[in-house]
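The values are calculated or read from the model by the stated rules, or taken from the named source; none is laboratory data. Remember, predicted model here, so these are calculated numbers, not experimental data. For neighbour counting, all protein chains shown are included, and Cβ atoms are generated from backbone atoms with ideal geometry for every residue, glycine included. Accessible surface areas use protein heavy atoms only, side chains included; no ligands, DNA or RNA. Shrake-Rupley method; radii C 1.70, N 1.55, O 1.52, S 1.80 Å.
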Amino acid sequence: MSNETWLFGYGSIMWKTGFNFETSELCHVKGWARRFWQGSTDHRGTPEFPGRVVTLIESASEHCWGTAYRLPACEATNILEDLDYREKGGYDRTELSLTLSSGRTIAGITYIAHPHNPNYLGESPLEDIARQINFSTGPSGSNKEYILELHQSLKQHNIQDGHVETLALRILRQTESTL
Ligand code: BEZ
């Protein structure tokens with residue numbers, strides 16, 4: 001049995017990793033989809049005007065691609081404790097099966113905001129989600145920066161994600177129409 005610790009990043013971790021890792025590989029989780037359905041009151045919005053950030057939603061026919069990071073054994077506990085704190089606005093530390101690009105399957109830890117958490121917003125029309133992201137900002141910066149950095153990171157990794165792509169393009173279009 002492996003005692004390696006792998007962390008699955010599918011959101012901000014992909015472009016703002018913020019911890020040491022030994023190696024990273026593209027991977028996917030089967031039966032899950034990335035969606036901007038979690039409200040952010042502490043990073044990309046405020047309690048009055050929440051932003052929207054990604055979570056994983058169960059969806060049998062979909063895969064979510066992201067990055068698997070192997071954590072240094074002597075730092076893994078501290079890294080995960082720091083992330084538990086950073087993601088305290090509704091995310092639970094969860095173990096999932098990760099399929100690496102080589103086909104190998106490993107256990108990995110990730111953070112999921114489940115529908116029962118108090119900041120969960122769920123599905124809305126994409127135009128409304130885009131507008132909310134366009135106008136929200138919080139202690140970590142603008143919500144627009146969050147989605148555009150994620151969009152860029154997915155493109156750099158050749159990961160297709162229709163939900164993120166559609167939202168990012170709508171946000172850019174909304175911005176142009178206000179200039
Ligand atoms: C991520 O980048 O994978 C992530 C970070 C925080 C919460 C959810 C996902």
* Is the shape of region 75-170 best called rounded, prolate or oblate, per the rule: a/c under 1.5 gives rounded, else a/b larger than b/c gives prolate, else oblate, with a ≥ b ≥ c the square roots of the Cα gyration tensor eigenvalues? -> oblate
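Please report, as a whole percent, how much of the solvent-accessible surface of the chain comes from carbon and sulfur atoms (probe radius 1.4 Å). Display every interim value, and only then the final one.
Values: 4650 of 9230 Å².
Taking all protein chains in place, the chain shows 50 percent carbon and sulfur surface.
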* To do: Using only the alpha carbons, work out the radius of gyration and Dmax of the chain in angstrom.
  => 16.0, 57
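How much net charge surrounds residue 23 when only the other residues with a Cβ under 11 Å from the Cβ of residue 23 are counted, with Lys and Arg +1 and Asp and Glu -1? The partial results should precede the final answer.
Details: positive: 70; negative: 4, 22, 25.
Summing Lys and Arg as +1 and Asp and Glu as -1 gives -2.
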* Cross-link partners among aspartates and glutamates for residue 16, C-alpha distance below 15 Å, same-chain residues fewer than 8 apart left out? -> 82, 87, 145, 149
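Tally Lys/Arg at +1 and Asp/Glu at -1 over every other residue whose Cβ is under 10 Å from the Cβ of residue 34; what's the total? Numbers along the way, then the final one.
Numbers: positive: 35; negative: 62, 161.
Neighbourhood net charge equals -1.
If we count trypsin sites (Lys or Arg not before Pro) as exposed when they sit in a DSSP loop and have at most 15 other beta carbons within 10 Å, what is the longest stretch of the chain that avoids them all? List each step's numbers first, then the result.
Working: sites that count: 16, 88, 104.
Longest site-free region, per DSSP loop and neighbour criteria: 105-179.
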* Structure fact -> Expressed per residue, the solvent accessible area of the chain in Å² (1.4 Å probe) is about 52
* To do: Before rounding to the nearest 500, sum -39500 (n - 2.57) across all DSSP H runs of length at least 4 in the chain and divide by the residue total; then give [θ] at 222 nm in deg cm²/dmol.
  => -9000 deg cm²/dmol
* Out of 22, 145, 165, any idea which swings most in a Gaussian network model of the chain, alpha carbons joined below 10 Å? -> 22
* Asked: Taking the Cα centre of the chain as origin and charging only Cβ (+1 Lys, Arg; -1 Asp, Glu), how large is the dipole, in debye to the nearest 20?
  -> 340
* **Neighbourhood net charge (12 Å Cβ-Cβ; Lys/Arg +1, Asp/Glu -1) for residue 59** => 0
